Amino acid sequence: MRRWLVRGGIVILVALAIAGTVLGFRYLAKPPEVPEGFIDTNGQMDADEVFIAPEVPGRVIGVYTKEGETLKPGQLVAVIDKEKIQARYDQASAMVLAASSQIVRVESEILGIEAQKTRILRDYQRAENLFKEGAIAERTYDEALAAKRMVLARLDATKAMLDGAKEQLRRAEAAKAEATSYLGDTRVTSPTAGFVLAKLVEQGEVVQAGTPLFVAIDLNQTYLKVFLPQAEVNLIKAGDEARIYIDATPQESFPAYVSYISQRAEFTPKFVETKEQRESLVFEVRLRPRKPTAQLKPGMSAEARIQWKEEIPFIEKHPKSQS
């Protein structure tokens, strides 16, 4: 009987020990309380999409990137045939040369007319004085007056011709500058650091200006996409302070801010863990890092803490990140 009591006591002690251990693990596994004024959440890193397109139409004669490739700012990705644009440039250059020659010729003509005008006005003034004195016939005076009027009219017409030549030169230079710009635009480059998601063109295709050739994500414009219920969305606003944390370096925080809050509720996306959570209505919120960093890559899972009370200091989610 005593032996059974001893054995029973051992069983009870073991059961209590196991129960205590389980409770201890449950206590340790319980997530820490979120401080007042903060919201903890998690989501997936994403990035702004960039459509890389030519600014001029033409045939694609070179494709220099592919899906999955990482791009540098200014990297050459495609080339458009410049034959037609080169012809426009050559034509504009010829027009500039012709207009410039016309200006030189007309300016020289004006100098000659100005010299004639000086002489003719002098002769007219003498004839006018003599006519008033009765020293010359009226016919002689009329001839001097007609010469005066003719030289002045010719001068006005030639100056108008000069203005027209200058306007022609201005237009020709503008056409040449435009063609020069278009020649440069035949080289299609990446506007930013990016990652090619899709290649939409093949060599030899004829494309229009603005037709996307590649779809890339801007690695300098990443953001963490999270989903919050209405009760939490009502607490935050654009510009609120936040921190992003990744599994690789959980004790390092990346300063961020609330950059976007959706105005339309949606069902939680499928990548959320439980069906119950997926069936809840939530709002998309984007947290954008204050400084671009290569550590926050699109597709990466991350945690976040959002501060909705401005009058308190920010409390890091992982205290060791403050050391």
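The values are calculated or read from the model by the stated rules, or taken from the named source; none is laboratory data. All of these numbers come straight from a predicted model, not from anything done at the bench. No Cβ is skipped: glycine too gets one built from the backbone with ideal geometry, and neighbour counts run over all protein chains shown.
For segment 71-90, state whether one or more residues are among the hydroxyl-bearing types (Ser, Thr, Tyr) and either assigned to a loop (DSSP other than H, G, I, E, B) or within 53 Å of the chain's Cα centre (by Cα) (or both). Yes: segment 71-90 contains one or more residues that are among the hydroxyl-bearing types (Ser, Thr, Tyr) and either assigned to a loop (DSSP other than H, G, I, E, B) or within 53 Å of the chain's Cα centre (by Cα) (or both). Of all residues in segment 115-172, those that are closer than 22 Å to SER101 by Cβ and either more than 60 Å from the chain's Cα centre (by Cα) or not in a helix (DSSP H, G or I) (or both) total 0. Considering the conditions (1) in contact (Cβ under 8 Å) with a residue 12 or more places away in the chain; (2) not assigned by TED's automatic domain parsing to the domain that holds LYS66, GLN203 is excluded by exactly one of them, (2). Taking segment 59-80, which residues are closer than 15 Å to GLY184 by Cα and touching a Ser or Thr at 6+ places or on another chain (Cβ under 7 Å)? Result: GLY74, GLN75, LEU76, VAL77, VAL79, ILE80. The single residue among ALA87, ALA146, ALA92 that is farther than 24 Å from ALA175 by Cβ, aliphatic (A, V, I, L, M) and not assigned by TED's automatic domain parsing to the domain that holds GLN203 turns out to be ALA146.
Of everything in segment 59-70 that's assigned to a strand (DSSP E or B) and at pLDDT 95 or above, which residue is surrounded by the most Cβ atoms within 10 Å (Cβ to Cβ)? Checked segment 59-70; the qualifying residue surrounded by the most Cβ atoms within 10 Å (Cβ to Cβ) is VAL60. In segment 91-130, the residue that is farthest from LYS159 (Cα to Cα) out of those that are out of contact with any helix residue (DSSP H, G or I) (no Cβ under 8 Å at 6 or more places or on another chain) and of a type in the set (Val, Ile, Thr) is THR118. In this structure, does ILE61 turn out to be outside the structural domain of ALA193 (by TED's automatic domain parsing) and of a type in the set (Val, Ile, Thr)? No; evaluated as a whole, the condition is false for this residue.
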